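Only one structure is covered here, and it is reproduced in the block below.
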Amino acid sequence: MKTWLLPHPCKKAGQVLLFVMLALIFSSIYIESALFQRSSWLMIAAQIAIYVAIVMMSISREKDEDEMTSSLRGRALKEVGYCLLVIYALSQIIEVAMGEQPYILRDEELITPFLAWVAYYCRFEGLLKRSRKREFTL
């Protein structure tokens, strides 16, 4: 897994890009800017930049990338994947049982992958911090 990971500075660049793009999107929502209303390509570009930032942060090495970090990365990805599968399956079962057209988070092309990434990133960072804390307390 270490062979295809990006260098660690890409993680920092991704964090900065994500923060800037989220600030841009939230400012366009709360400040009615004529610029954003006239040019929808800015919002599309911001969404693309968010996805690029997510990829940069997710597949970048840690400062001390070793086998333990790699196994934690895989463990976090597996746990979040299983949780998302169960949530998706349950939501589909409930929507079909209620007689609705099954489609999770209607009209939310941006938020669904973003929430999945947030779950993965938080879980991986939590596992990493917990393992580092265990190393220093022994």
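Coordinate-derived values only; no laboratory data. Because the structure is predicted, anything quoted here is derived from the model rather than measured. FYI the Cβ positions are ideal-geometry reconstructions off the backbone, even for glycines, and counts take in every protein chain you see.
Couple of notes before you dig in:
- Proximal lysines to residue 63, defined as alpha-carbon separation beneath 20 angstrom and excluding residues fewer than eight positions away on the same chain: 2, 11, 12, 129, 133
- Spin-label model distance (nm) - residue 29 vs residue 79, 7 Å beyond Cα toward Cβ: 2.8 nm
- Sites residue 86 and residue 45 - FRET efficiency at Förster radius 35 Å, r taken between beta-carbons, to 0.05: 0.55
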